[in-house]
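Comments concern the structure below.
The values are calculated or read from the model by the stated rules, or taken from the named source; none is laboratory data. Computed from a prediction, not measured in an experiment: that's the story for all the values here. Cβ sites come from the backbone with ideal geometry, for glycine too, and all protein chains shown count toward neighbours. Surface areas here come from the heavy atoms of the whole protein model, side chains and all, with no ligands, DNA or RNA. Shrake-Rupley method; radii C 1.70, N 1.55, O 1.52, S 1.80 Å.
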Amino acid sequence: EHLKPREDGAAAVMRAVREELGAAMEGHVVASRNLTEHWVWYFRDYGDGRVDRQATLPWLVVLDGPHRKLPLLADEEAVGVRWLSPEELYRWVREKPGDFCHATIVSL
């Protein structure tokens, strides 16, 4: 999410939870924290005239589960939803980080 004027990271994350996952999900957040001490600068030249430049705060949000009972309503930007155990997720990210984001983000 992009920060709105005078909005801090924590407020932006909660807004993202409401907008991207559904308003009912906000009540299921049990922990939320920044994963880095400082902003991370991201740059990507797509090679077609588009360039992406942004400072970002990688963030962790923990929900209270059980996952199949959460009222998740992913927005139209989501290709799909798949629930995994933490172990399954860690293994997938380790083995195929490109499934989650472009190589320039993986390099961060």
For ARG6 and THR36, extending 7 Å from Cα along the Cα-Cβ vector and measuring point to point gives, in nm, a value of 2.8
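Work out the length of the dipole vector of the chain about its Cα centre, built from +1 on the beta-carbon of each Lys and Arg and -1 on the beta-carbon of each Asp and Glu, and round it to the nearest 20 debye.
Details: 14 positive and 18 negative charges, 34 e Å.
Around 160 debye, computed over the chain.
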Residue-averaged [θ]222 nm for the chain, counting only DSSP H segments that reach four residues, each worth -39500 (n - 2.57): -5000 deg cm²/dmol
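With every protein chain left in place, what is the accessible area per residue of the chain in square angstrom, probe 1.4 Å? Don't skip to the answer; put the middle values down first.
Working: 8280 Å² over 108 residues.
Heavy-atom SASA per residue in the chain reads 77 Å².
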Report in % the part of the accessible area of the chain that belongs to carbon and sulfur, leaving out ligands and nucleic acids; probe 1.4 Å. 54
Radius of gyration, Dmax [segment 28-95; alpha carbons; angstrom]: 15.9, 44
